[in-house]
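This report concerns only the one structure given below.
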């Protein structure tokens, strides 16, 4: 990895993007609306100024998202080609790049665009205190002087909307509403984003939610609620990992809960852990297991037998409750 790391501003990032001719843009593993929206929007903007761009993500796109937002079909799970610069979008640390982490770490010209306040692992790092990485890309597109269109506006609205919980999380501020208003003026498809991410659900997702709710456990007099799903659960309802997105919210929505936890078996005895906090920071807990994310919405991966994994999480959460 390049040992010289620099903090970058919006203006400096725009200069870098003008300087180089080709870019590999990386979304984080198990992609959410912010990393998808920011990566696609940046790619669309760069192509408008004559750059060559490829999109990569080591995880499959949700079929519903890919159907409704066709540009997401461009994401590739295997690396190919030669590029002047690698850009990690919405990745708080190198491990968030998943299978591409080693490749990225060995490359010289790298740039991080992120809002999580995580590690500085690229040569150039723009880590700003925004509610979403899409706001960073929004400012970058403005600085580049790119001609706006509906697609760019829609993908940026996607990340802003989803990372604020449809403008309901406590990271929602005045800038979020001002940016959203401007994107709507630029013809962002607000209805489609809201429908796909907050309304539409598949039969498999409904069945998984039922199974997760039936397995809910509470700890610390109801201050922590935990649910889990196994590979067997996913296989029996014919769903993949993406169908579990958002289920964790049902745990933290329990009125007494300060922490909600969702475990999904990713591979044999490997669990994807999602945590949500209600005025309770969960990011540091996830970082202890090699993960990270938002202060009140984070995740990690933990290996082990289910009950051992649950015991580890309960113990760590209990230290802070």
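So, in Å, what gap is there between the alpha-carbon centers of region 76-110 and region 130-200?
24 Å
If you project the alpha carbons of region 1-79 onto the principal axes, what extent comes out on each, in Å, largest first?
Extents along the principal axes: 38, 29, 21 Å.
Over the Cα atoms of region 203-320, Rg to Rh with Kirkwood Rh, two decimal places?
That ratio equals 0.94.
Contact order normalised by length for the chain, with contacts defined as Cα pairs under 8 Å and 6 or more residues apart; what percent is it?
Across the chain, relative contact order equals 13 percent.
Hey, for a label at residue 63 modelled as a point 7 Å past Cα toward Cβ, could you say which residues of region 189-228 have their backbone N under 15 Å away?
201-208
Quickly estimate the mean residue ellipticity at 222 nm for the chain, helices only: each DSSP H run with n ≥ 4 gives -39500 (n - 2.57), and the total goes over all residues, rounded to 500.
Estimated from H runs of four or more residues: -11500 deg cm²/dmol.
Hey, rough spin-label estimate for residue 80 and residue 213, points 7 angstrom out along Cα→Cβ, what's it come to in nanometres?
4.4 nm
With no solvent and one point per C-alpha, what does the Debye sum give as log10 I(q)/I(0) for region 104-228 at q = 0.09, 0.17, 0.18, 0.20 Å⁻¹?
For region 104-228, the Cα-only Debye profile gives -0.39, -0.99, -1.03, -1.09.
In which sequence would 116, 187 go, from the one with the fewest C-beta neighbours within 10 Å to the one with the most?
Final ranking by Cβ density, sparse to dense: 187, 116.
By how many degrees, between 0 and 90 and to the nearest 10, does the Cα long axis of helix 150-163 differ from the longest principal axis of the chain?
Here the helix axis deviates by roughly 30 degrees.
With Rg/Rh (Cα atoms, Kirkwood Rh) in mind, check (1) 0.96; (2) 0.98; (3) 0.93 and report the label derived from this structure.
(1)
Taking Cα centroids, how far is region 112-127 from region 292-321 in Å?
Using only Cα atoms, the two centres lie 24 Å from each other.
Of the candidates 211, 96, 195, which one comes out as most mobile in a Gaussian network treatment of the chain with C-alpha springs shorter than 10 Å?
195
Could you list 162, 72, 256 in order of exposure, starting from the residue whose Cβ has the fewest other Cβ atoms within 10 Å?
Ascending Cβ contact count within 10 Å gives the list 256, 72, 162.
Past the 16 angstrom mark, what percentage of all C-alpha to C-alpha distances in region 66-168 do you count?
Tail of the P(r) past 16 Å holds 65 percent of the pairs.
For a footprinting-style exposure proxy, rank 167, 280 by other Cβ within 10 Å, fewest first.
167, 280
Once you've got the GNM for the chain with C-alpha springs shorter than 10 Å, pick whichever of 84, 240, 221 has the biggest mean-square fluctuation.
221
Name the shape class, rounded, prolate or oblate, that the alpha-carbon gyration tensor gives for region 119-177, where a ≥ b ≥ c are the square roots of its eigenvalues, rounded holds for a/c under 1.5, and otherwise prolate holds if a/b is larger than b/c and oblate otherwise.
Verdict is oblate for region 119-177.
Computed from the coordinates by the stated procedures, all read-outs in this text should not be read as laboratory data. Please read all numbers here as calculations on a predicted model, not as lab measurements. Virtual Cβ from ideal backbone geometry, glycine too; neighbours counted across all protein chains shown.
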